[in-house]
Amino acid sequence: MQNWIPKRHAVRKGTNGKFPRRHLALAASTLIALGLSLLLLPGENAEAKRTAIPLNLELSPTRAASSSTDTAPIIEETEKPWTEVQVKSGDSLSAIFSRADLTPQDLHELLTTAPKAKALNKIRPGQKLSFQIDDGGKLAALSYQIDKLNSLVFERGVTGFGTTELAETPEIRQRVASATITSSLYKAAQDAGVNQSIIMELANIFGGVLDFVYDVRKDDYFIVIYEELYLNGERLGSGQILAAQYFNQGRSFQAYRYINSRGDVDYFSESGESMRKAFLRAPLDFTRISSGFNPKRLHPVFKTVRPHRGIDYAAPRGTPVYAAGDGRVSDAGYSKANGNYVFIKHGEAYITKYLHLHKRAVSKGERVRQRETIGWVGSTGYATGPHLHYEFLVNGVHRNPATIVTKLPPPTKVSAGEMSIFKSQISGMQLQLKTYAAQRSYNNIDAG
């Protein structure tokens, strides 16, 4: 007879064929618990209510128990101090770096990797450089204040130095000044508290319609509305001239600053005609004309009769020489006769020449704008003293620079499409000039 072996987990019955009582009791308990659970479940429409019970707990700070698993405290790294060095007369960057206990390698790395580092070559006595040096004695950062509004900060990075440009925004205030000419424009404006930059700009604006060497007369007067710049209550200097009026020998000239739709800035008369003529009457601020345009002049060096195809303007050595008009430098260099020279081509018909310069500021091929500095007065070449020899050619023929400017094409005007915008913008300035003239009892002269 084969023996029967019960399977694992099989439920064995009693000999009478019924389940044991213990099993029946367990099953009954399970059914009862399941029924109770179903009764306690929420119905479909049941809503849960949440009651917030405020707890007023007073917590006092306690020091956490220290354990071997606590993290180390965070230590904030303090900024390295800055060392300030003042630029002295005759200083070089290498000397300044040496005084700051920095090496030539630091200077070389800064100049070769930092954008705009060339600005450091223009440092002037009295300016200050601030250095930040790391724990290893190497340059970490350098701050250079260009002026009271602009600074450059050079900071060491992974691959060299980076550059950050910082710019302060000044407060702009408007000022009105006026003066009556007694001896010169410069003296009258200075007596009225107008600084030199505004005086020079005033002369530049009206330079196309007035010759401030020959046209200015006693009892002329002017009104100028311009900006003054302030930072933290401190006056920094002057900004732009917004409008001006000059009364000369019964004529009145007005000029208004206007930015057109292309972003070009210029000064225009009240009728929209540019105050900037095609060419300057003179390409520098000169002391006197030492020799005029003369086809039969006796040459001062060779003592022979040779045509003088230009005008000699006497001026101190180093006086800036300006481009007479917009154009491109067609030639620039040095020759035995001309010394340092610059030739500028203005379109197809006009060429201006500037000779005997002390130094040139432009090179062949460069584009130049009217009144841009192209060099400085000197006495190089065949010259007996510091002066500028200036020539004006029309279609290859020499013309008298003093008279040709009045025969050239008229200046540009505000375009017809922008005239209404221009008129709207200058209306407020026109009213200010008129009101100020009435307050000062200036004669009401029609614009010339």
By residue number, the members of the range 178-225 that are in contact with a Ser or Thr (Cβ under 6 Å, 6 or more places away or on another chain) and closer than 23 Å to residue 370 by Cβ are 197, 198
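Residue by residue, here is whether (1) free of Cβ contacts under 8 Å to residues at least 24 places away in the same chain; (2) under 24 Å from residue 252 (Cβ atoms) holds:
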position: 352; (1), (2): no, no
position: 357; (1), (2): no, no
position: 376; (1), (2): no, no
position: 381; (1), (2): no, no
position: 414; (1), (2): no, yes
position: 441; (1), (2): yes, yes
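Table: residues versus (1) over 28 Å from residue 200 (Cα atoms); (2) surrounded by fewer than 21 Cβ atoms within 10 Å (Cβ to Cβ).
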| position | (1), (2) |
| --- | --- |
| 310 | no, no |
| 318 | no, yes |
| 342 | no, no |
| 359 | no, yes |
| 362 | no, yes |
| 365 | yes, yes |
| 370 | no, yes |
| 384 | yes, yes |
Those residues of the range 121-142 that are under 17 Å from residue 160 (Cα atoms), surrounded by 12 or more Cβ atoms within 10 Å (Cβ to Cβ) and not small (Gly, Ala, Ser) come to a total of 6
When the range 114-126 is checked residue by residue, the ones that are in contact (Cβ under 8 Å) with a residue 40 or more places away in the chain, under 13 Å from residue 152 (Cα atoms) and part of a loop (DSSP other than H, G, I, E, B) are 114, 115, 116
Condition set acidic (Asp, Glu) and assigned to a loop (DSSP other than H, G, I, E, B), scope the range 147-180, selection modelled with the lowest pLDDT: answer is 147
Those residues of the range 320-368 which are hydrophobic (A, V, I, L, M, F, W, C) and outside any strand (DSSP E or B) amount to 323, 324, 337, 349, 361, 362
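Which members of the range 131-150 meet the condition of being of a type in the set (S, T, N, Q) and either closer than 22 Å to residue 169 by Cα or touching a residue at least 60 places away in the same chain (Cβ under 8 Å) (or both)?
Once the filter is applied, which keeps residues that are of a type in the set (S, T, N, Q) and either closer than 22 Å to residue 169 by Cα or touching a residue at least 60 places away in the same chain (Cβ under 8 Å) (or both), the range 131-150 yields 143, 145, 150.
Can you tell which of 160, 126, 193 is on the phi > 0 side of the Ramachandran plot and touching a helix residue (DSSP H, G or I) at 6+ places or on another chain (Cβ under 6 Å)?
Within the list 160, 126, 193, the selection yields 160.
The values are calculated or read from the model by the stated rules, or taken from the named source; none is laboratory data. All figures in this text were calculated on a predicted structure; none of them were measured in a lab. Ideal geometry is used to build each Cβ from the backbone, glycine not excepted, and the neighbour counts take in all protein chains shown.
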